[in-house]
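A.B. asks: I'd like to ask you about the structure that follows.
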Amino acid sequence: MTVAEGPMAVTYEGLPISSGGAHGLGRMQLREAYAKSERFVMANSVLTAARVQRFSIEEVPELPDPAAWVPAFRDQFGGGERRIPIADDQVDMALSFLESVDPQPSNRWGMAPLWFSTIWNFQVLDPATGKPFQGQDGSRYSDFEYDWRTPLGTSWATLTLSNRASFHIDLCLPDLNLDRLPAVIDALQATAPFQFARKHWRR
């Protein structure tokens, strides 16, 4: 992707809305999906903010309102109404709860009412140096967005666990020589819990 008269960047914009906006993690068990996603992010990046983890209790078409779950969640995890923050030391308990209600009821589109999400904001490591690629700063690109609410120069990922696991990721690698891109993709793929779609890499 090109910013007129400005710095260049290579981006990976995940999958389109028609594909659910995220990579499906197949038949992977929920706890395995969490562990592999965390390992991938930690192996290839440095966090720029604390990870955000939460349960979401959603109203799903064709299913009863799950509002009755809210008091139990507040008693067990504290705080929140339909968005319940989960601390790092509560993750094991949260995964156990999610496993205890698996599979959840779902509608004709496969939507279930309870989601556990983890969001990471990070800088990508250069596999050649083990240090972050230089220039990973949204202000360098005047906060121009390469994906919805994702400024150039920034990267993030979200793991969502419900009846199935999915992983959304947006990556930005500033000033990367295209000759190096295949090696960078291979290094990322080595620990990724999903298959990168090569056609979604752009400059």
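A.B. asks: Being over 14 Å from residue 117 (Cβ atoms) and either in contact with a strand residue (DSSP E or B) (Cβ under 9 Å, 6 or more places away or on another chain) or assigned to a strand (DSSP E or B) (or both) is the filter here; which residues of region 53-72 pass it?
C.D. replies: Just the residues of region 53-72 that are over 14 Å from residue 117 (Cβ atoms), to begin with: 59-72.
Result: 66, 67, 69, 70.
A.B. asks: Here's something else I'd like to know. Return the residues of region 84-122 that are of a type in the set (A, V, I, L, M), buried (at least 18 other Cβ atoms within 10 Å of the Cβ) and assigned to a strand (DSSP E or B); say none if nothing qualifies.
C.D. replies: Of everything in region 84-122, those that are of a type in the set (A, V, I, L, M), buried (at least 18 other Cβ atoms within 10 Å of the Cβ) and assigned to a strand (DSSP E or B) turn out to be 84, 114.
A.B. asks: Is it the case, given these coordinates, that residue 192 is assigned to a loop (DSSP other than H, G, I, E, B), within 12 Å of residue 37 (Cα to Cα), aliphatic (A, V, I, L, M) and modelled with pLDDT of 95 or more?
C.D. replies: yes
A.B. asks: Looking only at region 132-173, count how many residues are charged (D, E, K, R), under 30 Å from residue 97 (Cβ atoms) and part of a loop (DSSP other than H, G, I, E, B).
C.D. replies: The number of residues fulfilling the criteria is 2.
A.B. asks: Something else now. I want to confirm something. Restricting to region 63-121 and keeping residues that are touching a residue at least 12 places away in the same chain (Cβ under 8 Å) and of a type in the set (Lys, Arg), which single residue is nearest to residue 43 (Cα to Cα)?
C.D. replies: Checked region 63-121; the qualifying residue nearest to residue 43 (Cα to Cα) is 83.
A.B. asks: So, one more: Out of (1) at pLDDT 80 or above; (2) in a helix (DSSP H, G or I); (3) surrounded by fewer than 17 Cβ atoms within 10 Å (Cβ to Cβ), what's the single condition that is false for residue 18?
C.D. replies: If we test residue 18 against (1) at pLDDT 80 or above; (2) in a helix (DSSP H, G or I); (3) surrounded by fewer than 17 Cβ atoms within 10 Å (Cβ to Cβ), just (1) comes out false.
A.B. asks: Only residues that are at positive phi and under 21 Å from the mean Cα position of the chain (by Cα): list them for region 93-136, please.
C.D. replies: If the condition is that a residue be at positive phi and under 21 Å from the mean Cα position of the chain (by Cα), then 110 is the only one that fits.
A.B. asks: Taking region 28-52, which residues are within 24 Å of residue 199 (Cα to Cα) and not in a helix (DSSP H, G or I)?
C.D. replies: 45
The values are calculated or read from the model by the stated rules, or taken from the named source; none is laboratory data. All figures in this text were calculated on a predicted structure; none of them were measured in a lab. FYI the Cβ positions are ideal-geometry reconstructions off the backbone, even for glycines, and counts take in every protein chain you see.
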